[in-house]
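Peer 1: Have a look at this one before I ask anything.
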Amino acid sequence: MLLDEVAEVIDAWRPPGIPAEVAGFARRAVARSEPQRPARARALLFAASRLGAFCASIGLELDAGVCLCASVIERFVISARVGEATRRTLRTNLRFLARRILADPAPVALPRERAKAPYPPAEIASYLALADAQPTTLRQHRASALICLGAGAGLIGAELRHVRGNDVVCRSGGVLVLVAGGRPRAVPVLAHYHDRLLRTASVFGTSYLVSGANPDSHNVTNPLISCLSGGIDLERLSTARLRSTYLAQMAEQIGLSAFMDAAGITCSQRLGDLVSHLERPSEKDAVALLRARRAP
C-alpha cells in the first residue's frame, strides 16, 4: 500500500517537457510498484518517464506489460544518451519496476567460482617426494615438471601441456618459462624450483615436459596426477591448487594484501583497468620484483 506522502509525490508529478501520456505511464507504473519513500518514487518516475518516451518514439504501446519486458529495457538502456553511471541506475530501477509489476521471478543468484586454496609448503614437499619415488626415471622427471610448472610458474591447462624442455631458460638473473599460445610471455619461476626444473628441462630438450608426443590429446596429465596421490593423508593433486600456490606466493612477495588494505579495495575487478595505464617492467625488473633470482 502506498504511503500518503509517496502517493502525493506521484500524483503531483508533472515534469515540464514530457508528454502527458508518457508522464501518465510513469505515474501508473510507479504507483503499482509501491515505493516506500518519496525519494525512491522520484527516482522511479524519472526512469519510467525516460523509458516511456523511448517506447513512444518507436511506436510501442505505453503499457507496462509491453514497455517493461526485458528486451525493451535492454534496448532502451543501450540507446540512452547518458553517462555510464546513469545508464546503470536506469537499468536497475527499470528492472525493479518490472519485477514488482510483472511479477517475473527474480534471477537465481549463482555463487561465483572461488579461487582454489593454495598448498602449504609441507604438502608441496610431500608431492615432490612422491615424484622422486616414482618407479621410472621418466615418470620422476615428468612428475617433477608438473609440480614445478604449476606451483613454481603458475601454468595450467594447455600452457602446461605445451612446455618443452628448451622453453625453460636462464636469463635476466633468474629462470624463466617461455609460454606460447594465446598469451605468450616469459614467466619467472620461483627460486625454490629452479634447480629441479632445470635438471628436468635438460633431460627433455625439445620434447614436452609433462605430455607425451601429442600434448593435445585428452587428459594427458591424468596419469601423472594419479601417480601423485599419497593415500588418505594426501589428496589427489590439483593443478588448479598448484596455480593458486604460485599466485599466492607472488601476491605475498609484491605486497598485494598491504596495497589492497591501504587502498580500501576488497575486489580486484578494476585492478586490470589500472594496470593498463602502467608502464610494463623489464624482464630483469620483473624477476627481481618477484624474487625469482637464482641463488649466487
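The values are calculated or read from the model by the stated rules, or taken from the named source; none is laboratory data. Given the structure is predicted, the values throughout are model-derived calculations rather than measurements. Note that we place each Cβ from the backbone using ideal geometry, even for glycine, and neighbour counts take in every protein chain shown.
Peer 1: Assuming A213 fulfils every condition listed in (1) among the hydrophobic types (A, V, I, L, M, F, W, C); (2) surrounded by fewer than 20 Cβ atoms within 10 Å (Cβ to Cβ); (3) in a helix (DSSP H, G or I) apart from one, which condition is it?
Peer 2: So the condition that A213 fails would be (3).
Peer 1: Go through (1) within 20 Å of the chain's Cα centre (by Cα); (2) of a type in the set (S, T, Y); (3) at pLDDT below 85 one by one and return the number of the condition S244 breaks.
Peer 2: The failed condition is (3).
Peer 1: If we scan region 66-89, do we find a residue that is closer than 22 Å to R42 by Cα, in contact with a Gly (Cβ under 8 Å, 6 or more places away or on another chain) and either surrounded by 11 or more Cβ atoms within 10 Å (Cβ to Cβ) or of a type in the set (A, V, I, L, M) (or both)?
Peer 2: Within region 66-89, one or more residues are closer than 22 Å to R42 by Cα, in contact with a Gly (Cβ under 8 Å, 6 or more places away or on another chain) and either surrounded by 11 or more Cβ atoms within 10 Å (Cβ to Cβ) or of a type in the set (A, V, I, L, M) (or both).
Peer 1: Which members of region 71-82 meet the condition of being within 21 Å of A23 (Cα to Cα) and either aliphatic (A, V, I, L, M) or touching a residue at least 24 places away in the same chain (Cβ under 8 Å) (or both)?
Peer 2: Scanning region 71-82 gives V72, I73, F76, V77, S79, A80, V82.
Peer 1: Residues of region 248-296 being assigned to a loop (DSSP other than H, G, I, E, B) and either over 28 Å from V169 (Cβ atoms) or of a type in the set (S, T, Y) (or both), which ones?
Peer 2: G264, I265, T266, C267, S268, Q269, R270, S276, H277, S282
So that you can scan it fast, the table gives a plain yes or no per residue for (1) outside the structural domain of R236 (by TED's automatic domain parsing); (2) farther than 23 Å from Q249 by Cβ; (3) assigned to a helix (DSSP H, G or I):
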position	(1), (2), (3)
Q134	no, yes, no
Q140	no, yes, yes
C148	no, no, yes
A153	no, no, no
E159	no, no, yes
V169	no, no, no
G182	no, yes, no
Y193	no, no, yes
R196	no, no, yes
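Peer 1: Here's another thing I want to ask about it. Of all residues being surrounded by fewer than 20 Cβ atoms within 10 Å (Cβ to Cβ) and among the β-branched types (V, I, T) in region 174-210, which is farthest from A129 (Cα to Cα)? Just the residue, please.
Peer 2: Of region 174-210, the ones surrounded by fewer than 20 Cβ atoms within 10 Å (Cβ to Cβ) are 178, 180-186, 191-192, 195-196, 198-199, 202-203, 205-207.
Checking which are among the β-branched types (V, I, T) leaves us with 203, 206.
Numbers: V203: 19, T206: 26 Å.
Per the criteria, the residue is T206.
Peer 1: Considering only region 137-150, I want to know if a residue exists there that is touching a Cys at 6+ places or on another chain (Cβ under 9 Å) and either among the hydrophobic types (A, V, I, L, M, F, W, C) or modelled with pLDDT under 95 (or both).
Peer 2: Within region 137-150, one or more residues are touching a Cys at 6+ places or on another chain (Cβ under 9 Å) and either among the hydrophobic types (A, V, I, L, M, F, W, C) or modelled with pLDDT under 95 (or both).
Peer 1: Out of curiosity, is A85 in a helix (DSSP H, G or I), more than 20 Å from V9 (Cα to Cα) and without any contact (Cβ under 8 Å) to a residue 40 or more places away in the chain?
Peer 2: Details: in a helix (DSSP H, G or I): yes; more than 20 Å from V9 (Cα to Cα): yes; without any contact (Cβ under 8 Å) to a residue 40 or more places away in the chain: yes.
So A85 passes the test.
Peer 1: Output yes when any residue across region 117-132 is farther than 30 Å from F204 by Cβ, exposed (fewer than 15 other Cβ atoms within 10 Å of the Cβ) and at pLDDT 90 or above, and no when none is.
Peer 2: Within region 117-132, the first condition is being farther than 30 Å from F204 by Cβ, and the residues that meet it are 117.
Next, only the ones that are exposed (fewer than 15 other Cβ atoms within 10 Å of the Cβ) stay: 117.
Next, from what is left, pick out any that are at pLDDT 90 or above: 117.
For region 117-132, residues farther than 30 Å from F204 by Cβ, exposed (fewer than 15 other Cβ atoms within 10 Å of the Cβ) and at pLDDT 90 or above: present.
Peer 1: Condition first: under 22 Å from N214 (Cβ atoms), under 28 Å from the mean Cα position of the chain (by Cα) and not acidic (D, E). Now tell me which residues in region 153-167 satisfy that.
Peer 2: L155, I156, G157, A158, L160, R161, H162, V163
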